[in-house]
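Student: What follows is a structure written as structure tokens; I'll ask about it next.
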Amino acid sequence: MDPTIKNMKFFVRTYGCQMNVADSNEMSRHLQARGLVETQDPDDASIMLVNTCTVRQHAEDRAFSEVGRLRKWKAKRPGRKIVVTGCAAERTKEYLEDRFPFVDLVVGAKSIEDFEQMAHRLLDRRVTDEELDYVVPAVEDKVAAFVTIMRGCNYSCTYCIVPYVRGREIYHSMDRILGEVQDRVREGAREIMLLGQTVNSYRHGDHRFADLLRAVANADGVDRVRFMSPHPYYMTDLVVETMAEVPQVCEGLHLPVQSGSNVMLKAMARNYTREQYVSRIEKMRQAMPDMSLSTDFIVGFPGETEEDFQQTLSLIEELRFDWAFIFKYSKREGTPAANLESYPESLIEERHQRCLELIDRIAIEKRSKLVGTMQDVLVEADNFGRTRTNYRVHINRRAAQARQGAALTNVAPGEEVRVRITNAQRATLEGEIQNGNVTFENFRQEDAGVRICTGE
Ligand code: 5AD
Ligand code: SF4
């Protein structure tokens, strides 16, 4: 291996969604396979990788202002290189190259899978593939790891830029996915988050999403499986039944709804009605009574009347989401909705505030019901972990262990512990360990008992 490369460090800055985080991880792995070392300090780095997002204008602006600031960073040390990747890079490749001529490489979101070859050229290596060390090292020992199962989106929601920057759907084979799952498990992962823009539309050969869920759940070393982000249209009975039946599949769901008004859902081309969404959720709650539900809403979409907005508020009241991301509509050039007249920022902001207040009120009510309950928490790091329903929990060892007369021990990342929730005032819950650590096998038995609803 070339010693100059061996000592080279890179820094990654990621904007945007989990797909981007997964892409950054993938690119980091390629760089590490070439002998580069990741650093958390930009001053220490020779390569700066900025992975951009363009889903809303604000996200794009932030990424570009960071790229602008990198001119000085680059000038400080000869040989430094800047790589800009991701969705904003795909959308504005030429503009980026014109405005920031000091950028060395632009890799659009559609080309992430070609990053390896592109990085090869950037590093100006004349080594053959055989010379490279293809044993992909651990990026970080992550207890919860992302695995991308599909790329792109075949939908064309009228507000959304994603289909333009990420292209049509392509699915990875089940073998490839299971191989990646094994790699992540070897690196310390216990929980796998399957990722895709409409993750549950997955299909490859005869395999559908439910088959994949089952296969990943049964892979050696996998204790928990989640997925993000599903589309309501593909939340089929089979997927719901699989979630309820397979113990490793967690009963927490993030299911973007975008609006509570049928008029808006139609204008957004979402391909479902409010009633269909509600009935899906009811079905799921029957199968998994304790499941958590979160969602995305867009407020201030062109033409959204006060009445439409009220429908969004009433859906929040009706379904009582555990939490939700409320986005202010952002016009994206090239999308169908960009031709419609936008509302003034003040109106969008006012609806945003009203929606946030309601979401917060309900989220607090829902969280406080968790106080006193026992939860299985998978520890990720520093005494923080997550419940199966995806609530973040801070584990307070001190109080519990002192009372139980036990020595103060750290809960290790990757362990699943039984925790009693003691405080739910903040989004991150507080809890205390009960009865020391319990193995996963025990949970499997218990979970099977409480989670499967036969409907009888
Ligand atoms: N404006 C505001 N929010 C948007 N989203 C996607 N496109 C836009 C847009 N143009 C939101 C949707 C989606 C989430 C990832 O981002 O709610 O679910
Ligand atoms: Fe965008 Fe709709 Fe595709 Fe989601 S389903 S990425 S919102 S076009």
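Read-outs: derived from the displayed coordinates by stated rules, not from any lab. Computed from a predicted model, the values in this text were never measured in an experiment. We place every Cβ from the backbone using ideal geometry, glycine too, and count neighbours over all the protein chains shown.
Student: At 20 °C and 1.002 mPa s, what whole-number value in µm²/s does Stokes-Einstein give for the translational diffusion of the stretch 1-88, with Rh from the Kirkwood sum over Cα pairs?
Tutor: Stokes-Einstein gives a translational diffusion coefficient of 160 µm²/s.
Student: Can you compute the helix-only [θ] at 222 nm over the chain? Use -39500 (n - 2.57) per DSSP H run of at least 4 residues, normalise by all residues, nearest 500 deg cm²/dmol.
Tutor: Dividing the helical sum by the residues of the chain leaves -11500 deg cm²/dmol.
Student: Which residue, chosen from Leu96, Met288, Met374, occupies the Cα position most advanced towards the positive end of the dipole of the chain, where the dipole is computed from +1 (Lys, Arg) and -1 (Asp, Glu) charges on Cβ about the Cα centre?
Tutor: Leu96
Student: Taking +1 at the Cβ of each Lys and Arg and -1 at the Cβ of each Asp and Glu, which of Trp73, His207, His254 sits farthest along the dipole of the chain towards its positive end, judged by Cα position relative to the Cα centre?
Tutor: Value computed over the given set: Trp73.
Student: Counting just the Cα atoms, what span does the stretch 256-301 cover along each of its three principal axes? Round to the nearest Å and put the largest first.
Tutor: Projected onto the principal axes, the Cα atoms of the stretch 256-301 cover 33, 16, 12 Å.
Student: With a Cα-only, solvent-free Debye model of the stretch 188-250, what are the log10 I(q)/I(0) values at q = 0.12, 0.17, 0.18 Å⁻¹?
Tutor: -0.26, -0.52, -0.58
Student: If you put +1 on each Lys and Arg Cβ and -1 on each Asp and Glu Cβ, how big is the dipole of the chain around its Cα centre, in Debye rounded to 20?
Tutor: In total the dipole reaches around 860 debye.
Student: Here's another thing I want to ask about it. Which value, in Å³ per residue, describes the convex hull spanned by the Cα atoms of the stretch 330-388?
Tutor: Expressed per residue, the convex hull around the Cα atoms of the stretch 330-388 is 175 Å³.
Student: If you average the sequence gap of Cα pairs under 8 Å that are 6 or more apart and divide by the length of the chain, what percent do you get for the contact order?
Tutor: Taking the mean separation of contacting Cα pairs over the length of the chain, I get 10 percent.
Student: Additional query: Per the Debye formula with a single identical scatterer at each Cα and no solvent contribution, what log10 I(q)/I(0) holds for the stretch 356-396 at q = 0.17, 0.27, 0.32, 0.34 Å⁻¹?
Tutor: So the normalised log intensities are -0.52, -0.93, -1.06, -1.11.
Student: Once you treat every alpha carbon in the stretch 43-118 as an equal point and sum by Debye, what is log10 I(q)/I(0) at q = 0.19, 0.23 Å⁻¹?
Tutor: -0.75, -1.06
Student: Shifting gears a bit: Based on Cα coordinates alone, diagonalise the gyration tensor for the chain, multiply each eigenvalue by 5, take square roots, and list the semi-axes in whole Å, largest first.
Tutor: 35, 31, 22
Student: While we're looking at this one, here's another question. Nothing charged except the Cβ atoms of Lys and Arg (+1) and of Asp and Glu (-1): what's the magnitude of the dipole of the stretch 286-333 about its Cα centre? Round to the nearest 20 debye.
Tutor: It works out to roughly 240 debye.
Student: Could you give the C-alpha radius of gyration of the stretch 228-316 expressed as a fraction of 2.2 N^0.38 Å, taking N as the number of residues it contains?
Tutor: Here the answer is 1.14, to two decimals.
Student: Please state, as a whole number in µm²/s, the translational diffusion coefficient that the Stokes-Einstein equation yields for the stretch 287-399 at 4 °C and 1.567 mPa s, with Rh defined as the Kirkwood radius across alpha carbon pairs.
Tutor: My calculation gives 79 µm²/s for D.
Student: Follow-up question, since we're still on this one. Tell me, rounded to the nearest percent, the portion of alpha carbon pairs in the stretch 151-301 spaced more than 19 Å apart.
Tutor: Taking all Cα-Cα pairs of the stretch 151-301, the fraction more than 19 Å apart is 55 percent.
Student: Highest mean first, how do 157-163, 423-429 rank when packing is the count of other Cβ atoms within 10 Å averaged over residues?
Tutor: 157-163, 423-429
Student: To the nearest 0.05, what FRET efficiency results for Asp382 and Glu94 with a Förster distance of 35 Å applied to their C-beta separation?
Tutor: 0.20
Student: Give the distance, in whole Å, between the Cα centre of the stretch 9-78 and the Cα centre of the stretch 249-269.
Tutor: So the separation of the two Cα centres works out to 32 Å.
Student: Here is a further query. Whole number please: convex hull volume per residue, Cα atoms of the stretch 219-374, in Å³.
Tutor: Spelled out: Cα convex hull of the stretch 219-374, divided by residues, is 131 Å³.
Student: Extending each Cα 7 Å along its Cβ direction at Ser65 and Lys283, get the distance between those two points in nm, one decimal.
Tutor: So the two model labels end up 4.5 nm from each other.
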